[in-house]
Each structure stands twice: as structure tokens, then as C-alpha cells.
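Nothing in this text is a laboratory measurement; each read-out follows from the coordinates by a stated rule. Model, not experiment: these values are computed from the prediction. Note: ideal-geometry Cβ built from the backbone for every residue, glycine included; neighbour counts use all protein chains shown.
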Amino acid sequence: MKIKEIIIVEGRDDTAAVKKSVDAVTIETHGYGITRRTWELIEKAYAEKGIIIFTDPDHAGRQIRKKLTERFPDAGQAFLDRSDATKDGDIGIENASPDSIRAALSMAHCTLENGSAAEELDVQDMIRYGLTGQADSAFKRKVAGKALGIGYCNGRTFLQRLNKFGITKEKLEKTLQET
């Protein structure tokens with residue numbers, strides 16, 4: 001599987017895992033303290049080929065993703081489920097199987113421009129589908145987030161991702177029925 005966009009990862013072990021799984025070029029952030037030179041490389045990649053942000057499913061990875069997304073709002077977003085990226089208590093892309101990495105990258109989402117989504121989901125939809133406000137809501141978001149390729153997050157962020165990536169009510173309903 002060849003990926004045309006440049007994949008942004010955290011470190012060299014992530015690069016090794018990605019390259020073992022797909023034919024792609026990566027840029028490493030080397031953690032949260034992204035250097036000016038690395039920012040310049042990412043900006044060039046974003047402008048010329050597009051980028052996919054693919055960070056670890058942990059707190060540091062979420063912070064790096066947030067920082068990158070603020071600067072590159074139209075970047076593709078790929079998410080690995082924490083269970084697919086954990087080995088001996090260590091969480092990271094480097095621990096994921098090639099199949100899990102390929103699946104995450106094949107489901108990468110791009111942000112839609114404002115107004116591009118056919119319909120927006122709202123808080124009432126989240127409650128109606130049991131994705132917030134119920135004892136098992138976190139579990140439902142985890143399962144649905146994995147199936148939709150948008151990762152696990154709290155209710156507010158889940159709703160933002162659904163709308164940001166143009167996931168319709170119909171697609172969400174179908175996913176919830178299948179999981």
C-alpha cells in the first residue's frame with residue numbers, strides 16, 4: 001500500500017513501524033518540542049503533498065496532534081486504538097501490527113470546510129445514540145471511534161470529530177448497529 005501524503009509521526013521507532021507496513025515518507029516530530037527546521041519541513045510537505053497526522057494514542061500524542069492540527073487544519077488524521085498500540089504497558093505506533101497501521105492509515109480522515117457536511121450532529125444526537133450521558137457511553141465511543149477510524153476521546157471531542165470529518169447520522173447509525 002502506497003501513501004501519497006507525508007505521514008507525521010513522533011519518533012524513529014514510529015517511522016520504522018510505518019515503513020514496515022506501507023510505502024510512505026514520514027517526518028518525525030521528535031516529541032512535543034518540534035524544532036523550527038521540522039516545522040519548515042512539515043509546512044513544505046503540507047503545501048506540496050499533503051500530510052497525515054499519525055501520533056501515539058496517549059496524552060503526549062494527543063497534545064502533539066492538537067499542536068499540529070492548529071497549524072495545519074486541513075491535514076489528514078489517522079488514529080490507532082490504544083489496544084492496538086500497546087505492548088508490555090508501552091503505548092505507541094511502534095507497538096502496532098502492520099495490519100493495524102495499514103487499517104488506520106486507510107481510514108485517515110480529512111477535515112471538511114465549514115458547511116461541507118450534509119448535516120451536523122449535535123449534543124442531542126450524542127445523547128440519543130447513547131454516546132454521552134450513560135454508564136456505557138465511553139465504551140460505545142471507544143468501539144464506534146475504532147470502527148469509524150476517529151479514535152477514542154471524550155464526548156465533546158467525539159462530536160467535534162464526527163462533524164469535522166463529515167460523518168453523517170446515517171453512517172454513525174450504521175456503525176453503531178454493526179458494533
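Sum up the charges of everything whose Cβ sits under 12 Å from the Cβ of GLY89, counting Lys and Arg as +1 and Asp and Glu as -1, but leave GLY89 out.
So the environment of GLY89 carries a net charge of -1.
How large is ³J(HN,Hα) for each residue in the stretch 144-158, as worked out from phi by the Karplus curve 6.51 cos²θ - 1.76 cosθ + 1.60 (θ = phi - 60°), to whole Hz, x for Gly and Pro?
5, x, 5, 5, 7, x, 10, x, 8, 6, 6, x, 4, 5, 4
Each label point is 7 Å from the Cα along the Cα-to-Cβ direction; what then is the distance between the points at LYS169 and THR69, in nm?
Label at LYS169, label at THR69, 2.4 nm between them.
Equivalent ellipsoid semi-axes for the stretch 6-110, as square roots of 5 times the alpha carbon gyration tensor eigenvalues: give them largest first, rounded to whole Å.
Listed largest to smallest, the semi-axes of the stretch 6-110 are 20, 15, 12 Å.
Say we join alpha carbon atoms closer than 10 Å with springs in a Gaussian network model of the chain; which of VAL25, VAL123, VAL143 then has the biggest fluctuation?
VAL123
Which one of PHE165, PHE79, PHE54 has the biggest mean-square fluctuation once the chain is modelled by GNM with Cα springs under 10 Å?
The residue that fluctuates most here is PHE165.
Express the relative contact order of the chain as a whole percentage, based on alpha carbon pairs under 8 Å and six or more residues apart in sequence.
It rounds to 18 percent for the chain.
When only alpha-carbon atoms count, how far does the stretch 31-179 stretch along each of its three principal axes, as whole angstroms with the largest first?
47, 42, 24
Averaging over every viewing direction, what projected area does the convex hull of the Cα atoms of the stretch 123-178 cover, in nm²?
The directionally averaged projection comes out at 3.2 nm².
Among DSSP bridges having both ends in the chain, what percentage is antiparallel? Round to the nearest 5.
Within the chain, antiparallel bridges account for around 25 percent of the total.
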